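A quick write-up on the structure given underneath.
Just so it is clear, none of the values below were taken in a lab; they were calculated from the coordinates. The structure presented is a predicted model; accordingly, all values stated were derived computationally and were not measured. When we count neighbours, we look across all protein chains shown, and the Cβ atoms used for this are built from the backbone with ideal geometry, even at glycine.
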Amino acid sequence: MSGALLDLAYLTSSVLFILCLRGLSSPEAGRRGIFLGELGMFIAVVATVLQQQIVTYEWIIAGLILGGGIGTAISLRIPMTKMPERIALSHAFGGLATALVGIAEYHKHFGTSHVEAMGRVTMGALGFEVFFGSLTFTGSLMAFGKLQGLITGAPITFRGLNVMNIGLFAGCAGLIAYNVAFPGQVHALFYALPVVGLLIGVTGVLPIGGADMPVVISLMNSYAGLAASATGFALGHNVLIITGALDGSSGLLLSLLMSKAMNRSFTNVLFGAFGTGDSGGAAAAKDPGKSYNEATVEDAAAVLQASQSVIVVPGYGMAVSQAQHAVRDLAAVLQKRGVEVKYAIHPVAGRMPGHMNVLLAEANVPYDELFDLDMINDDFARTDAVIIVGANDVVNPAAKKDTRSPIYGMPVFNVELSRSVIVLKRSMNAGFSGVENELFFLPNTMMVLGDAKKTLLSLQAAMKGSH
């Protein structure tokens, strides 16, 4: 492939990637955006493998078969409810790939008998690449472990941890600077970069609570993009520079927006050690000063039968019980009775950005029934009933009035203003952040305890039987 044709292919791919991000900004255009991104990646891959610099295709074909097979198997076996874990693993693989490419490129220039000079800009890009690639690998694995429950979701901290992490970052900056100033002089100082990066990935994510994993996943996406962009500078590939920059900047912007959605500073998310991730908090029933209204499925069905407007607030509990289809089916039953049904989607509900949107889209819930916090919060005061499916912190009134609460200032739904609130929850234990929810003790709230999916199916049967 000629240089001009290659540049044209890369330019086309870059434009398609930008259009992909544009399409992903709204649910209606999301499918088209994904298709454009896939098309751009296909063009970029084909153009790359047709370059004259490629001597043999055996390893490329082997990689395509092996990687494609693993990716297909994972996609077919992992349910939509496990997308956060799936994405964390993808970031880990991406980070590892970029780090290995950087190490291989350094070895090519300085680790063989055919020593070749390397420019300082290239050396800096390689150092940046292997450091952030390694950090992304272990950091994403730690996020996967917390989401999967293999590692406790509680913040794991010790005295001086933040100082140590900052010191390691500063040390890596010094290592990169030395390698730029004296390329290839001390090989051990280059190979120390991925080692320290692997360590920071562990020590940097361990102190972050499970409630902040959505921000961590987005941040790891940003790191992977920055590492890929650095790879592009090191290898002289424009498409890697552009796509990596798009990935890195969009991931960082999303992390900042999610922090804003929780009314917390970005540094507080990284160093605040908030969110216990402990579902074994003290049960509210054991508190003699508080009582809650435990209701039956029949009680909840009676409330819904008398309602003309209903808002569904999904949360991580819906993902755990895989109840998105049951939610849609109950909404369909209500709509047949003439009830207006809306879905309230909080930006940090679930365990990854857009988690609830993905699950509801899989259940074929119409996009025009999904509403963000700013669009629907005023509607709760005019709503007959709210069904909360496994959501917790995003409906906690303490965030608005209790200055002592760790989640004070976080924008939450005004669900307590509706006429009736039906909470579907496994137990009265604290949520992922470990903060007790005042909503559960209000007089207009009824707690229907048990598996959300089974409860929704029972509600659906009760509603049909009363029709």
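Under unit Cβ charges (Lys, Arg +1; Asp, Glu -1), what dipole magnitude, rounded to 20 debye, does the chain have relative to its Cα centre? Each step should come with its number before you reach the end.
Details: 29 positive and 31 negative charges, 80 e Å.
In total the dipole reaches around 380 debye.
Taking 2.2 N^0.38 Å as the expected size of a compact globular protein, what ratio does the Cα radius of gyration of the range 83-196 give against it, to two decimals?
Values: Rg = 16.3 Å, N = 114, 2.2 N^0.38 = 13.3 Å.
The reported ratio for this selection is 1.22.
Hey, what angle do you get for helix 161-181 against the long axis of the chain, alpha-carbon based, 0 to 90 degrees rounded to 10?
30 degrees
Could you point to the residue in 15, 192, 126 farthest towards the positive end of the chain's charge dipole, with +1 and -1 charges on the Cβ of Lys/Arg and Asp/Glu respectively?
The listed residue farthest towards the positive side: 192.
Just want to confirm a number: the relative contact order over the range 289-365, from Cα pairs under 8 angstrom separated by 6+ residues, in percent. The partial results should precede the final answer.
Numbers: 59 pairs, mean separation 26.9, N = 77.
Result for the range 289-365 is 35 percent.
Which whole-number percentage describes the relative contact order of the chain, with Cα contacts under 8 Å and a sequence gap of 6 or more? Walk me through the numbers before you get to the answer.
Values: 820 pairs, mean separation 67.2, N = 467.
Result for the chain is 14 percent.
For q = 0.11, 0.17 Å⁻¹, what log10 I(q)/I(0) does the range 308-467 give under the Debye formula with an equal point scatterer on each alpha carbon and no solvent?
Evaluating at q = 0.11, 0.17 Å⁻¹ gives log10 I(q)/I(0) of -0.38, -0.97.
Could you give the semi-axes, largest first, of the ellipsoid that matches the range 47-112, computed as the square roots of 5 times the alpha carbon gyration tensor eigenvalues and rounded to whole Å?
On the way: eigenvalues 168, 58, 15 Å².
Those come to 29, 17, 9 Å.
Assign one of three labels to the range 149-207, namely rounded, prolate or oblate, based on the Cα gyration tensor with a ≥ b ≥ c the square roots of its eigenvalues; rounded applies when a/c is under 1.5, prolate when it is not and a/b is larger than b/c, and oblate otherwise. Kindly include the intermediate steps, with their values, before the conclusion.
Numbers: a/c = 4.54, a/b = 2.34, b/c = 1.94.
Judged from the Cα gyration tensor, the range 149-207 comes out prolate (a/c at least 1.5, a/b above b/c).
Kindly give the semi-axes, whole Å and largest first, of the ellipsoid equivalent to the range 285-361, taking each as the square root of 5 times a Cα gyration tensor eigenvalue.
On the way: eigenvalues 105, 91, 24 Å².
So the three semi-axes of the range 285-361 are 23, 21, 11 Å.
From the C-alpha gyration tensor of the chain, pull out the three semi-axes of the equivalent ellipsoid (sqrt of 5λ each), sorted largest to smallest, in whole Å.
Values: eigenvalues 434, 136, 57 Å².
Rounded to whole Å, the semi-axes are 47, 26, 17.
Please report, to one decimal in angstroms, the Kirkwood hydrodynamic radius of the range 1-51 built from all distinct Cα-Cα pairs.
Details: mean 1/r = 0.0906 Å⁻¹.
Computed over Cα pairs of the range 1-51, the Kirkwood hydrodynamic radius comes out at 11.0 Å.
For residue 374 and residue 306, compute 0.36 nm times the residue count separating them, minus their Cα-Cα distance, and round to one decimal in nm. Show your work: numbers first, answer last.
Values: separation 68, 0.36 × 68 = 24.48 nm, distance 2.71 nm.
Separation in residues times 0.36 nm, less the Cα-Cα distance, equals 21.8 nm.
Can you tell me, using C-alpha contacts under 8 Å and at least 6 residues apart, the relative contact order of the range 394-464 as a whole percent?
Details: 90 pairs, mean separation 21.4, N = 71.
In percent, rounded to a whole number, it is 30.
Using only the alpha carbon atoms of the range 112-268, find the Kirkwood hydrodynamic radius as the inverse mean reciprocal pair distance, in angstroms to one decimal.
On the way: mean 1/r = 0.0606 Å⁻¹.
Every distinct Cα pair counted, the radius reaches 16.5 Å.
Would you mind putting 57-67, 217-227 in packing order, based on average other-beta-carbon counts within 10 Å, highest first? Don't skip to the answer; put the middle values down first.
Working: 57-67: 10.6, 217-227: 27.0.
Packing proxy ranking, top to bottom: 217-227, 57-67.
Once the range 1-93 is represented by equal point scatterers at the alpha-carbon sites, with solvent omitted, what log10 I(q)/I(0) does the Debye formula produce at q = 0.18 Å⁻¹?
With no solvent term, the Cα-only Debye profile gives -1.05.
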